[in-house]
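To keep things clear, I will list the structure first and then write my remarks on it.
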Amino acid sequence: MQTTTDPVVVTRPTERIAIVQLNRPDARNALNQESRMLLARHFEALGRDLDIRCVIITGGNKVFAAGADLKEIADASAIEMHQRQVHRLWKAISDCPKPVIAAVNGYALGGGCELAMHADIIVAGRSAQFGQPEIRVGIMPGAGGTQRLTRAIGKFRAMKLLLTGQPISGDEAYAMGLASEVVEDAKVQDRAMELAQMIADMPPLAATQIKETVLAGQDASLETGLMLERKAFHLLFASRDQKEGMAAFFDKRTPTYLGQ
Ligand code: CO8
């Protein structure tokens, strides 16, 4: 990465993959309003970019993010917090239609853990530390922590983390279902890139339909979720990539997917 003072930096290691990297090392990548606005802007742009098939969100190989920037919120009033409308910025990330992989090294605390949980796949380093320590500074999670964590690991484990503020390691996060994979710390970024490459080689319409269906179905009844799946499944038969994927299978060749 080039030396820059931008708090969020986007690079494109390949035509189809973008890496969104938090870049406030001196503040342990704490999320201030500027970072959140940039994250929202980048995720919106990447979501619209037809060339991009997978996005990696990371804080680099030392720290993912130590949460909301406490210096910026310590003296805020409730009305100021309300007026900042931060949930709109988070929504820009959760609305990204492309698959998102979080590559987590080091601390993913508070808003950092919540940011990782906005991703679809989490690759954790063994000694990463995931946690929701907000209670220790007199507040509670405000960017989905009570909801997404509970959905990911279940009520009893989530309550323990939320009520004690105690962090868990990458290994524990994996065992609880909070991480998709746990790897040696030094391999996190490469592994995230490998997975991104695999996803980027897949038909993008199928990938975005899978993401949308899984996420919408999580909050729906089974019947509604199955109906959403059926509609998306049928829709893919209108794509050129479905014909290409099946033709390539019979021709015993590698398919070329165009996202059409
Ligand atoms: N905010 C602001 N600055 C921070 C933060 C933070 N969350 N975390 C670390 N920093 C700063 C420190 O102040 C310090 O700055 P300085 O050098 O100027 O003193 C620098 O980063 C390095 O920090 P440490 O010396 O503490 O570094 P360590 O490696 O010893 O410890 C820790 C790292 C464990 C991450 C420690 O810094 C820590 O506990 N940080 C606070 C973690 C925390 O409580 N996070 C939750 C914050 S609340 C939250 O996230 C609510 C989310 C709601 C979302 C919506 C928000 C609007």
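Rundown of residues vs (1) polar (S, T, N, Q); (2) farther than 27 Å from His118 by Cα, yes/no style:
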residue	(1), (2)
Pro203	no, no
Ala206	no, no
Ile210	no, no
Ser221	yes, no
Gly225	no, no
Arg240	no, yes
Met246	no, yes
Asp251	no, yes
Leu258	no, no
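Could you check how many residues of segment 201-212 are of a type outside the set (Lys, Arg) and surrounded by fewer than 20 Cβ atoms within 10 Å (Cβ to Cβ)? So that I can check it myself, show each step before the final result.
Step one: filter segment 201-212 for residues of a type outside the set (Lys, Arg), giving 201-210, 212.
Going one step further and asking which of them are surrounded by fewer than 20 Cβ atoms within 10 Å (Cβ to Cβ), we end up with 201-202, 206, 208, 210, 212.
The number of residues fulfilling the criteria is 6.
The residues in segment 1-32 that are over 26 Å from Asp201 (Cα atoms) and open to solvent by 40 Å² or more (accessible area, probe 1.4 Å) can be counted, and the count is 9. Residue-level check: of (1) in contact with a Gly (Cβ under 9 Å, 6 or more places away or on another chain); (2) surrounded by 16 or more Cβ atoms within 10 Å (Cβ to Cβ), Ala196 misses just (1).
Out of the residues in segment 156-192 that are without any contact (Cβ under 8 Å) to a residue 40 or more places away in the chain and either of a type in the set (Val, Ile, Thr) or within 16 Å of the ligand (Cβ to nearest atom) (or both), which is surrounded by the fewest Cβ atoms within 10 Å (Cβ to Cβ)? Going through the qualifying residues, I end up with Leu163. The residues of segment 128-162 include none that are more than 12 Å from Leu109 (Cα to Cα) and touching a strand residue (DSSP E or B) at 6+ places or on another chain (Cβ under 6 Å).
On the stretch given as segment 40-54, residues that are in contact with a helix residue (DSSP H, G or I) (Cβ under 7 Å, 6 or more places away or on another chain) and in contact (Cβ under 8 Å) with a residue 60 or more places away in the chain total 2. Considering segment 62-155, the qualifying strands (runs of 3 or more DSSP E), each wholly inside and each with 1 or more residues that are open to solvent by less than 40 Å² (accessible area, probe 1.4 Å) and either within 13 Å of the ligand (Cβ to nearest atom) or polar (S, T, N, Q) (or both), run over 107-109, 129-131.
Helices (runs of 4 or more DSSP H) wholly in segment 156-260 with at least 2 residues that are out of contact with any Lys or Arg (no Cβ under 8 Å at 6 or more places or on another chain), polar (S, T, N, Q) and outside the structural domain of Ser94 (by TED's automatic domain parsing) - which ones? Even if it seems obvious, please write down each step before you answer.
Working: elements: 170-176, 188-200, 204-218, 222-236, 240-251.
In segment 156-260, 204-218 are the helices (runs of 4 or more DSSP H) which contain 2 or more residues that are out of contact with any Lys or Arg (no Cβ under 8 Å at 6 or more places or on another chain), polar (S, T, N, Q) and outside the structural domain of Ser94 (by TED's automatic domain parsing).
Filter segment 90-114 down to the residues that are within 22 Å of Val214 (Cα to Cα) and hydrophobic (A, V, I, L, M, F, W, C) and list them by number.
We begin by selecting, within segment 90-114, every residue within 22 Å of Val214 (Cα to Cα); these are 90-103, 113-114.
Once the filter is applied, which keeps residues that are within 22 Å of Val214 (Cα to Cα) and hydrophobic (A, V, I, L, M, F, W, C), segment 90-114 yields Trp90, Ala92, Ile93, Cys96, Val100, Ile101, Ala102, Ala103, Cys113.
The values are calculated or read from the model by the stated rules, or taken from the named source; none is laboratory data. Note that the structure is a prediction, hence the values are computed from the model and not measured. Note that each Cβ is placed from the backbone with ideal geometry, even for glycine, and that neighbours are counted across all protein chains shown. Note: areas computed on protein heavy atoms with side chains; ligands, DNA, RNA excluded. Shrake-Rupley method; radii C 1.70, N 1.55, O 1.52, S 1.80 Å.
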